[in-house]
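A short write-up of the structure that comes next.
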Amino acid sequence: MEITNVMEYETIAREKLPKMVYDYYASGAEDQWTLQENRNAFSRILFRPRILIDVSSIDTTTTTLGFKVSMPIMIAPTAMQKMAHPEGELATARAASAAGTIMTLSSWGTSSIEEVASTGPGIRFFQLSVYKDRNVVIQLVKRAESAGFKAIALTVDSPRLGRREADIKNRFTLPSNLTLKNFEGLDLGKIDRTDDSGLASYVAGRVDRSLSWKDVKWLQTITRLPILVKGVITAEDASLAVQAGAAGVIVSNHGARQLDYVPATIMSLEEVVNAVQGKVPVFLDGGVRRGTDVFKALALGASGVLIGRPVLFSLAADGEAGVRKVLQMLHDELELTMALSGCRSIKEITRAHVVTPWDNPHVAPRL
């Protein structure tokens, strides 16, 4: 089958992967309303394209925390990628580097910080889950620094794991041939089988539920790396993130895997952008499947987007080549959307290029 869009990889992944693994990657929390809404909300935002603009040359390059990237599309942290493909995070790292963009490695990767660094040059961020044992956290951060990672993405929306009913039904656990590589030497690398979701039990026993804003400050005392706060969906928390010294925020609802019935991230984005008042960049993950989605996020004030499930599904379907193709397709769709909207560079994409359900229908946005 010739792949013509990102969504088609999910069909292939569903056929190739064991049910427990596919369900773990694909499912959301409880009724999965937010999982559907992360996608559906994009369809309610429409374009206001401008015409008769010379778009013979389109530039998709931008900067993220000062690093030049080929496009405002990066790879989000997703756990346990070797369940999808034997090369897992290593294949993803190579694909991101080849595409000239950023990969974020999950704390719960099945490849270690050092293994990912060994794949060659590339701009990489490290997603951090804060464990009760702060010595574990310090070790992880120092290892990421030593390996040349450029930022920490601190996950803040998971003091407990959301109720993912597919994982409960499947008694989810990490396949016996795999470990959480970053924790192997710390005796924290295995997820035991339980009468529930093995991951939920693992998180309940290890992850620090007392995490608070003071810990964002604490992290700044143990690392020089910029800290992105991942999991912000309200103006109030966006303001607090800026006050706490965050270098940026990621508008994320954890792929709709935590609290169900929170808004789609694209619906929360503008509130967060307005709250930070340009002091730090705002990024978005959740539901991005088209270049048109990327454009809409940029028009509403995002500095870039991150993709998660499309990476997992393309990795399952075709390894590194699949991830490369996903990044290329999204790049090409974004470039086409820019051309058809009359935008020659990322900075030319403005709020006036979209109309949203909350806009006043009687007042056209000013250009």
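The values are calculated or read from the model by the stated rules, or taken from the named source; none is laboratory data. Just so you know, these numbers come straight off a predicted model, no measurement behind them. Accessible surface is based on the protein model in full, side chains and every heavy atom, while ligands, DNA and RNA are left aside. Shrake-Rupley method; radii C 1.70, N 1.55, O 1.52, S 1.80 Å.
General remarks:
- Of the solvent-accessible surface of the chain, computed with a 1.4 Å probe and all protein chains present, 51% belongs to carbon and sulfur.
- When the pairs Lys68/Lys279; Lys82/Lys296; Lys19/Lys132; Lys296/Lys347; Lys230/Lys279 are compared against a 22 Å limit on Cα-Cα distance, Lys82/Lys296; Lys19/Lys132 fall above it.
- Between Ser345 and Asp59, the built amide H atoms are under 5 Å apart, and every one of these is 5 or more places off in sequence or on another chain.
- P(r) of segment 248-367 over all Cα-Cα pairs, binned every 5 Å from zero, in whole percent: 2, 11, 18, 20, 21, 15, 8, 3, 1, 0
- Cα centroid separation - segment 128-181 against segment 201-268, whole Å: 14
- Solvent accessible area, Å² - Arg209, 1.4 Å probe, full protein context: 130
- Separation between Cα centres of segment 297-339 and segment 34-101, rounded to whole Å: 4
- For the chain, the percent of C-alpha pairs falling in each 10 Å distance bin, counted from 0 to the bin holding the largest distance, reads 5, 25, 36, 25, 7, 1, 0.
- For the chain, the mean residue ellipticity at 222 nm estimated from helices alone is -12000 deg cm²/dmol, where every DSSP H run of n ≥ 4 contributes -39500 (n - 2.57) and the total is divided by all residues, rounded to the nearest 500.
- In order along segment 296-308, the Karplus-derived 3J(HN,Hα) couplings, from 6.51 cos²θ - 1.76 cosθ + 1.60 at θ = phi - 60°, round to 4, 4, 5, 5, 8, x, 6, 7, x, 10, 10, 10, x Hz, and Gly and Pro are given as x.
- Long-range amide H partners of Gly304 with built H, under 5 Å: Leu284
- Computed from backbone phi with θ = phi - 60° and the Karplus coefficients 6.51, -1.76 and 1.60, the 3J(HN,Hα) list for segment 79-95 is 7, 6, 6, 6, 5, 8, 7, x, 8, x, 4, 5, 5, 5, 4, 5, 5 Hz; x is used for glycine and proline.
- Stretched out straight at 0.36 nm per residue, the stretch from Arg209 to Asn40 would grow longer than its current Cα-Cα span by 57.7 nm.
- Phe125 long-range amide H proximity, modeled H, under 5 Å: Met103, Thr104, Leu105, Lys150
- Here's the list of aspartates and glutamates a cross-link from Lys16 could span, going by alpha-carbon distance under 17 Å and ignoring same-chain residues fewer than 8 apart: Glu2, Glu8, Glu87, Asp318, Glu320.
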